[in-house]
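To keep things clear, I will list the structure first and then write my remarks on it.
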Amino acid sequence: MAKIAVLPGDGIGKEIVPQAIKVLKTVASKYDLNLEFEEGYIGGEAIDKVGKALPDETLELCKNSDAVLLGAVGGPKWDNLPATQRPEVASLLPLRKELGLYANLRVCSLYPELVGASTLKEEVVKGTDLVVVRELTGGIYFGKKYREKVEGGEKAVDTLEYTTFEIERIARTAFEIASKRRGKVTSVDKANVLESSRLWRETVTRLHEDYKDITLEHMYVDNCAMQLIREPKQFDVILTTNMFGDILTDQASMLTGSIGMLPSASLGGEVALYEPAHGSAPDIAGQDKANPLATILSAAMLLRYSLNCEEGAKEIEKAVSQVLKDGYGTGDLAQEGFKVVGCQEMGDRVNNYLLGEENV
Ligand code: IPM
Ligand code: MG
């Protein structure tokens, strides 16, 4: 039996997670997986109900599960809280840290049917298939922060630090992933300016000795931002720091047509976490408009990495592709000839393919 902690969170989290659970249940029955789902509070809802964005019992639940499926957190209701108590920061960051999830994988592959949904030209985006391996428990997100009074106002400090150990383990993840893909790693840093980036580059270069079959290139982050838009097909695996990875993955999501298509897996500890890369989208919450595919595809990653069910993962990915081929999509995917459907119908259509039932 495998236990899955389910944390829908806020906003559209409540709509997209049930679609992914539906799909997971179908796969589980097909592959004889005995899955148990247990829900927990996280984010703004947890602040309202328990007074804390990441309640102790939620953390316990996660630690005692085989995998965590998370929706999204945050919303206008909690935007006026002091920055360190806001749901995004006060739940996601400690959850990642507590579970030791140092490796965040975000997959950007463009389904051919969505070429028209991208804001970029077809000849640029067609064939895009890359993975960003983002360091997730270090760097400027977790370095010492403080404020102090100085003449004329205040000084605010964030510290960007990386150790050899932290760089080595994430680089190893990137090389391993590249060895199962097209064998290329682009390590992204700002080594012309930052000391931590110089250590990053030296360490990645040294580790590369163990992965001679992989092609390694280094790229400055500003150049990478440009290259992602200029020629995304040059990338296979992008290896980068916490903050650069945060920024570059939002940018890269548009290569897939919509940020609503970007799944993620956070690995490295005993229990892995799966969540869409997008946020809680309060503007469309509760209206059955959200795109559930990033969450459904995150569930596929859960099957792949936590439950060792590669076939089930592939089946979900194929079902998503079939629904898109049929010309159905949520509003964010709208393009000529596409039929716009709601979140629930999108989930049903994927599920029907898995059940072998006809979609009408
Ligand atoms: C992400 C998000 C988070 C991050 C925020 C909400 C703290 O943007 O997962 O990309 O910066 O890591
Ligand atoms: Mg982000």
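The values are calculated or read from the model by the stated rules, or taken from the named source; none is laboratory data. As the structure is a computational prediction, the values presented were derived from the model and not from experiment. Here the Cβ is made from the backbone with ideal geometry for all residues, glycine too, and neighbour counts use every protein chain on show. Calculation scope for accessible area: heavy atoms of the full protein, side chains included, ligands and nucleic acids excluded. Shrake-Rupley method; radii C 1.70, N 1.55, O 1.52, S 1.80 Å.
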Response to the item:
Ignoring ligands and nucleic acids, His218 exposes an accessible area, probe 1.4 Å, in Å² to the nearest 10, of 60
Worksheet item: Among Ile214, Ile259, Ile238, which one shows the biggest mean-square fluctuation in a GNM of the chain, springs joining Cα atoms closer than 10 Å?
Response: Ile214
Worksheet item: At Gln234 and Lys49, where each label point lies 7 Å from the Cα along Cα→Cβ, what is the point-to-point distance in nanometres?
Response: 4.8
Response to the item:
Using a 1.4 Å probe on heavy atoms of the protein chains only, the accessible area for Thr205 in Å², nearest 10, reads 60
Worksheet item: Can you give me the pair-distance distribution of region 236-292, C-alpha pairs, 5 Å bins, whole percents?
Response: 4, 15, 21, 26, 17, 10, 5, 1
Fill in: Whole-number accessible area per residue in Å² for the chain, which is evaluated in the context of all protein chains at 1.4 Å
44
Response to the item:
Pseudo-spin-label distance Glu148 to Glu98, built 7 Å along Cα→Cβ, given in nm, is 3.2
Discussion item. Regarding region 48-166, what's the average projected area of the Cα-atom convex hull, expressed in nm²?
Written reply: 12.6
Item to complete: Order the following by accessible area, largest value first: Asp283, Asp189, Asp158, Asp348. Probe radius 1.4 Å; ligands, DNA and RNA are ignored.
Response: Asp283, Asp158, Asp348, Asp189
Fill in: Extended-chain gain in nm, criterion 0.36 nm per residue less alpha-carbon gap, Asp79 and Val193
37.7 nm
Item to complete: Using Cα pairs closer than 8 Å and at least 6 residues apart in sequence, work out the relative contact order for the chain, in percent.
Response: 22
Worksheet item: If all Cα-Cα distances of region 119-256 are sorted into 5 Å bins from 0 onward, what percent lands in each bin, rounded to whole numbers?
Response: 2, 10, 19, 21, 18, 12, 8, 5, 3, 2, 1, 0
Worksheet item: Given region 119-256, what percent of its DSSP beta bridges are antiparallel, to the nearest 5?
Response: 30
Worksheet item: Lys126: which lysines have alpha carbons under 28 Å from its alpha carbon, excluding same-chain residues fewer than 8 sequence positions away?
Response: Lys180, Lys184, Lys233, Lys289, Lys314, Lys318, Lys325, Lys339
Worksheet item: Any idea of Lys25's accessible area? Nearest 10 Å², probe 1.4 Å.
Response: 110
Worksheet item: In µm²/s, what is D for the chain at 20 °C and 1.002 mPa s, where D = kT/(6 pi eta Rh) by Stokes-Einstein and Rh is the Kirkwood radius from Cα pairs?
Response: 102
Worksheet item: In region 256-299, carbon and sulfur make up what percent of the accessible area (probe 1.4 Å)?
Response: 50
Worksheet item: Ranked by accessible surface with a 1.4 Å probe, highest first, in what order do Arg304, Arg198 come?
Response: Arg198, Arg304
Worksheet item: So for the pair Leu355, Lys184, with labels modelled 7 Å out along Cα→Cβ, what separation do we get in nm?
Response: 4.3
